[in-house]
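Okay, here's the structure, questions in a sec.
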Amino acid sequence: MDYIVDGKVLRIDRLLYQRNWMANAAVFYKLPHDGEARVGYNWGDAYYDGIGANPWLNRGPEARGQMDATVRYRVAGDWIVKLQAKNILNEDLYLGYDANLKERRAEMKKGRLFFLNVIYRP
C-alpha cells in the first residue's frame, strides 16, 4: 500500500486498521433446558492505526488474545439466566510504535469483566 506522508510516498506492506492474522476457537457444550456452556479464545495480530514519516513513528496495538466464557440456562418457562466472563486470562492491551510495533508506548489494563443477564424470551 502506498501512503503519502509529509508529501512523500511511503510503501508499506499493510493497510491501516487491518490485521495480517486472526484466529478464533470456541468449544460449546449443550446443557438441559435449552442451555449452553461456551468457552472461546480470540487472537489478533498487531496492526497500524497511524503511519509516520519515518518507520519509528508508526503506531498501533500489539498482537493480543482474549478468552471469554458464557453459560446460559433456561430457569423457568420464558426466563433465561446468562453468566458471562470476559478476558478470563486478564490479558492487557499494549500499544506500540516502530516498524514492527515492538517498542511499547502505552499499556491499557483491561481487567476481567463479569456479567449476569436475566432474559425474558416468550
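The values are calculated or read from the model by the stated rules, or taken from the named source; none is laboratory data. Note that the coordinates shown come from a computational prediction; the quantities given were computed from them, not determined experimentally. With ideal geometry, Cβ positions are generated from the backbone for all residues, glycine too; neighbour counts draw on all protein chains shown.
With (1) part of a loop (DSSP other than H, G, I, E, B); (2) within 24 Å of D6 (Cβ to Cβ); (3) touching a Gly at 6+ places or on another chain (Cβ under 9 Å); (4) not polar (S, T, N, Q) as the list, and R105 as the residue in question, which single condition is left unmet?
R105 satisfies every listed condition except (1).
Does Y94 count as among the hydroxyl-bearing types (S, T, Y) and more than 25 Å from K109 (Cα to Cα)?
Considered against the rule, which asks whether it is among the hydroxyl-bearing types (S, T, Y) and more than 25 Å from K109 (Cα to Cα), Y94 comes out as no.
Go over the candidates R74, R104, R112, R121 one by one and state the one that is among the basic types (K, R) and surrounded by 15 or more Cβ atoms within 10 Å (Cβ to Cβ).
Criteria check complete, one pass: R74.
Kindly provide the set of residues from the range 87-101 that are surrounded by 14 or more Cβ atoms within 10 Å (Cβ to Cβ) and closer than 30 Å to P32 by Cα, ordered by number.
Hits for the range 87-101 are N87, I88.
State which residue is surrounded by the fewest Cβ atoms within 10 Å (Cβ to Cβ) when the search covers only the range 31-57 and only residues that are in contact with a Leu (Cβ under 7 Å, 6 or more places away or on another chain) and at pLDDT below 95.
D49
Is there any pair with a first residue in the range 10-29 that is over 19 Å from R72 (Cβ atoms) and a second that is exposed (fewer than 10 other Cβ atoms within 10 Å of the Cβ) and of a type in the set (G, A, S) whose Cβ atoms are under 6 Å apart and which are 6 or more apart or on different chains, and what are they?
Close Cβ pairs satisfying both conditions: none exist.
Could you go through the range 38-51 and let me know if any residue there is of a type in the set (S, T, Y) and under 27 Å from Y120 (Cα atoms).
no
Every residue, every condition in (1) in contact (Cβ under 8 Å) with a residue 40 or more places away in the chain; (2) assigned to a strand (DSSP E or B); (3) closer than 30 Å to D2 by Cα, yes or no:
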| residue | (1), (2), (3) |
| --- | --- |
| E36 | no, yes, no |
| V39 | no, yes, no |
| W43 | no, yes, yes |
| Y48 | yes, no, yes |
| G60 | yes, yes, yes |
| V71 | yes, yes, no |
| R74 | yes, yes, no |
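Taking Q84, is it surrounded by 12 or more Cβ atoms within 10 Å (Cβ to Cβ), in contact with a Ser or Thr (Cβ under 7 Å, 6 or more places away or on another chain) and under 19 Å from F115 (Cα atoms)?
It is true that Q84 is surrounded by 12 or more Cβ atoms within 10 Å (Cβ to Cβ), in contact with a Ser or Thr (Cβ under 7 Å, 6 or more places away or on another chain) and under 19 Å from F115 (Cα atoms).
Tell me, yes or no, whether the range 59-68 has at least one residue that is more than 17 Å from N20 (Cβ to Cβ) and surrounded by fewer than 17 Cβ atoms within 10 Å (Cβ to Cβ).
no
Which residues, counting only those in the range 112-122, are modelled with pLDDT of 95 or more and in a loop (DSSP other than H, G, I, E, B)?
If the condition is that a residue be modelled with pLDDT of 95 or more and in a loop (DSSP other than H, G, I, E, B), then R112 is the only one that fits.
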